[in-house]
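The values are calculated or read from the model by the stated rules, or taken from the named source; none is laboratory data. Bear in mind that the values here come from a model prediction, so they are computed numbers and not experimental data. Using ideal geometry, Cβ is built from the backbone for each residue, glycine included, and neighbour counts are taken over all protein chains shown. Just so you know, the surface numbers come from the protein's heavy atoms only, side chains and all, with ligands and any DNA or RNA stripped out. Shrake-Rupley method; radii C 1.70, N 1.55, O 1.52, S 1.80 Å.
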Amino acid sequence: AKEAGGNSYKVFSQLAEDDDQKQLILENDLRNACETEQLLVHYQPVIDLSTGRLKSFEALVRWKHPDLGLIPPGDFIPVAERSGLINEIGTWVLESACEQVKQWHYLNDTLGLAVNVSIRQFRNPQFPSVVRDVLEITQFPPHLLILEITESMMQDDYESVRIIEEIRALGVKLAIDDFGTGYSSLSKLGFLPIDYLKIDRSFTMEMLTHPPIQSIVQTIIDMGRNLDMELIAEGIEEEGQSSILAECGCQFGQGYLFSKPLPAEEIETAYCLSSLL
Ligand code: C2E
Ligand code: CA
Ligand code: CA
Ligand code: CA
């Protein structure tokens, strides 16, 4: 695997202009990565902004490429999505993360777990049964699992509604990720059973310096609360952002202020010994 990786990197840089070729090499490497345990999951804490207590973790996948080092998901999820490998990768992330957080339940049995779901996974008619199987294999409590989808996946066609309902029937929660950045009609929010809205990082970043952005954030929070949804703000990097979000009524938040996404072992040293977990 090491050899093949080395070769493909050379070819990769030589053919840098050829996007199709690049895609093919990356796709090949990724297929290999799935088989040789090069993928790993990092965990980012989600904090209750009013109490400072740990609520849950978001699972974020990483690829430890033998030559290119740690590749962020933004660089390979699109490749996985186009090639269909995302189904395999997504199932692996879901199962690994459920297994891991289930272990942490010995210390804190209310700990939630959020897992990102890509559109191709979500559109797979088998998806609800995959989730059911993972819950069964890992014995993870369904009500502590949050699946994060994006606005563009909230179609009101028959198939999407069926999938959402089947997932809900398992007792699993749903979150809309990156809320406010997609082009969805707000009316869908009133028809689909969504538990959480995640306020996109772009809002969190701008809200202290741009008063109109703060008004928009306040409006999202009020709307979510009126619809009985819980709010999670992403990308909190400063104390000021955390306190203003809490004042606006946003209950939960995550971001570098609290912690970067970390490998499981580092989460254990950071949290197990503290009162948070
Ligand atoms: P996302 O779901 O919106 O995840 C949040 C991203 O923001 C993560 O990037 C996280 O590391 C980063 N982040 C968290 N706090 C802060 C902060 O305070 N400041 C800044 N600047 N960034 C922060 P990451 O891990 O690179 O993931 C990027 C995207 O890749 C994710 O965005 C998600 O859409 C996708 N992704 C990650 N893991 C998976 C997965 O297992 N499956 C699928 N389908 N997509 C995934
Ligand atoms: Ca997410
Ligand atoms: Ca997000
Ligand atoms: Ca985002």
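Counting alpha carbon pairs within less than 8 Å and at least 6 residues apart, what relative contact order, in whole percent, applies to the chain?
The normalised contact order for the chain reaches 17 percent.
Hey, what did segment 120-277 get for relative contact order, percent, Cα under 8 Å, at least 6 apart?
With pairs under 8 Å counted, the relative contact order is 16 percent.
Kindly report the accessible area of segment 32-146 per residue (heavy atoms of protein chains, probe 1.4 Å, no ligands, DNA or RNA), in Å².
On a per-residue basis, 43 Å².
Quick one: 3J(HN,Hα) in Hz for segment 104-116, Karplus 6.51/-1.76/1.60 with θ = phi - 60°, rounded, Gly and Pro as x.
These are the phi-based 3J(HN,Hα) values: 5, 5, 5, 9, 8, 8, 10, 5, x, 9, 10, 10, 6 Hz.
Can you give the local net charge around residue 222? Use residues other than it whose beta-carbon is closer than 14 angstrom to its beta-carbon, Lys and Arg +1, Asp and Glu -1.
Taking every Cβ under 14 Å from that of residue 222, the sum is -2.
How far apart, in nm, are the 7 Å Cα→Cβ label points at residue 165 and residue 32?
4.6 nm
Relative to the Cα centre, what is the charge dipole magnitude of the chain, using +1 at the beta carbon of each Lys and Arg, -1 at the beta carbon of each Asp and Glu, and rounding to the nearest 20 debye?
Once rounded to the nearest 20, the dipole reads 280 debye.
Which whole-number value in Å³ per residue fits the convex hull of the alpha carbons of segment 102-258?
Here the figure is 117 Å³ per residue.
Ignoring ligands, DNA and RNA, please state the percent of accessible area on segment 72-231 from carbon and sulfur, probe 1.4 Å.
Ligands and nucleic acids excluded, carbon and sulfur give 53 percent.
Please compare each pair in 55/260; 102/188; 173/198; 55/102; 64/260 to a cut-off of 22 Å on the Cα-Cα distance and tell me which ones are over it. Provide the component values of the computation, followed by the final result.
Numbers: 55/260 15 Å; 102/188 33 Å; 173/198 13 Å; 55/102 14 Å; 64/260 17 Å.
Check vs 22 Å cut-off fails for 102/188.
Run the numbers for residue 136 and residue 243: contour at 0.36 nm per residue of separation, minus the present Cα-Cα distance, in nm.
Extra length from residue 136 to residue 243 when fully extended: 34.6 nm.
As a test of reading the structure, rank 50, 242 by solvent-accessible area (1.4 Å probe, protein chains only), most first.
Descending order: 50, 242.
How much length is gained on full extension from residue 129 to residue 265, taking 0.36 nm per residue of separation minus their Cα-Cα distance?
45.9 nm
If contacts are Cα pairs under 8 angstrom and at least 6 residues apart, what is the relative contact order of segment 45-162 in percent?
Details: 126 pairs, mean separation 28.1, N = 118.
The value is 24 percent.
Determine how large the accessible area of residue 195 is when every protein chain is in place; take a 1.4 Å probe and give Å² rounded to the nearest 10.
Accessible surface of residue 195 is approximately 30 Å².
Which order do 223, 153 take when ranked by solvent-accessible area (1.4 Å probe, heavy atoms of all protein chains), largest first?
Result, largest first: 223, 153.
What order do 239, 58 take when sorted by accessible area (1.4 Å probe), most exposed first?
Numbers: 239 120, 58 10 Å².
These residues rank, largest area first, as 239, 58.
On a 0 to 90 degree scale, rounded to 10, what angle separates helix 158-169 from the longest Cα axis of the chain?
Once rounded, the angle reads 70 degrees.
Between rounded, prolate and oblate, where does the chain land on the alpha carbon gyration tensor, with a ≥ b ≥ c its root eigenvalues, rounded for a/c under 1.5, else prolate if a/b exceeds b/c?
rounded
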